[in-house]
1. If you stretched the chain out fully between Tyr281 and His243, how much longer would it get, using 0.36 nm times the residue separation minus the C-alpha to C-alpha distance?
2. Pop out the ³J(HN,Hα) list for the range 322-328 in order, Karplus 6.51 cos²θ - 1.76 cosθ + 1.60 with θ = phi - 60°, rounded to Hz; leave Gly and Pro as x.
3. Excluding residues on the same chain fewer than 8 positions from Lys341, give the lysines whose Cα lies under 23 Å from its Cα.
4. By its C-alpha gyration tensor, with a ≥ b ≥ c as the square roots of the eigenvalues, how is the range 119-198 shaped: rounded for a/c under 1.5, else prolate for a/b larger than b/c, else oblate?
5. Going by C-beta contacts inside 10 Å, put Asp214, Asp269 in order with the fewest on the left.
6. For Lys207 and Val123, calculate 0.36 nm times their separation in residues minus their Cα-Cα distance, and state this gained length in nm to one decimal.
7. With a point put 7 Å past each Cα toward its Cβ, work out how far Asp171 is from Asp195 in nm, to one decimal.
8. Please identify every one of the GluC sites (Glu not before Pro) in the range 244-345 that sits in a loop by DSSP and has no more than 10 other beta carbons within 10 Å of its own beta carbon.
Amino acid sequence: MRPNRMARSHHVNGMSVNVEDTRTCICDLGLAPQHAALFRAIQQSFVRLSLCTAPVFCRIAESRVGPPALHLKYGCSRFADAAPSAERRLYQSVPHISIKPLTRAISARVRSNYEENYMTRTVCQIESESGQDELRRDDYFPTLVFSTLLHDAESMNKEILAAITQERDRDAKGIERSNFRSLGGWHSHNNLHKDSKFTRLTNRIHKVAAGVSDNLGYNKGRHLEVTTMWSISNPPGSSNRAHIHPGALWSGVYYVQAPEGAGQIEFIDPRTVNLMNYASYMPNTKRKTECWTKVKVKPVAGKMLFFPSWLYHSVEPNLSNAKGRDGERVIISFNINQKVKPKSK
Ligand SMILES: [Fe+2]
């Protein structure tokens, strides 16, 4: 939503409120402007924004240092219910309200609240004859896919591609798993992580895995470790069957070479019971991500994806027009499990 640049001042109980600032703040948070409701809330000394996450109350208070600038404090509704009257008095002594400089802080706090509240969000207010009810939503059982783009991909990929070529020369037949050997798809053995030529990449995978582990609050006495790693090269026309990776916690893919037209990886909705009965959506409208039943990710050299090993995925046929090995879609794939960290000496 684009911020409205029309600056206007409104006076609420003798105090000036800059509409541009207010609307910018709201727009940055992805909210529809609701000035009337906002002003009513300001009069009550609490600004309650119906955010896309848990309700946030912004307490307006004087800054302790410098000019009479203001700052906001935030809390979830459960804490804000007991609004002390002292806060109201404090607010009434403030001559001017400026929200715009605080947008970033609000956004950060909103994200924090979002996580703290287990993705609970307020969807809308439901009007009834006698008042309003709040419709809230929790997103349980999300399917997480992590991604990163390695900053040193160019040199990394040169090194990896040379190592893969060497491995293909040594073992041209490879093995058959999700690849179609009859269509030229080559699959290496599964222990590339034990080969020193791939150590640089394996180390980087471990670093990304540590980020995933930290993000999910995994036991710090354990770490995510690569247990198997292999390469797949798909020449034009080749693809990979839908499959999962049994025996692993997380799996991943790193794109070494991805010419234009190289097949996308396709993740398939694991909530198969959804197929029992499905909803009709508005035509010609982008469907909300939470309502998708498949997700395709375009391969980009240097990109790494982490996904749950139980998540079904396949790879589209490589439609590259590039000639020779330049037209191949080349990846390194890996499985990861949680292992007890060795004790440091
Ligand atoms: Fe796979």
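All of the numbers you see were taken from the coordinates with simple rules; none came from a lab. This one's a predicted model, so the numbers in the text were calculated from it and none came from an experiment. Methodologically, a virtual Cβ is constructed for each residue, glycine included, from the backbone with ideal geometry; neighbour enumeration extends over all protein chains shown.
1. Full extension from Tyr281 to His243 adds 10.8 nm.
2. Using θ = phi - 60°, the values come out as 5, 8, x, 5, 5, x, 7 Hz.
3. Lys194, Lys207, Lys220
4. It comes out prolate by the Cα gyration axes.
5. Asp214, Asp269
6. Computed gain between Lys207 and Val123 is 26.5 nm.
7. 0.7
8. Sparse-neighbourhood loop GluC sites (Glu not before Pro): Glu260.
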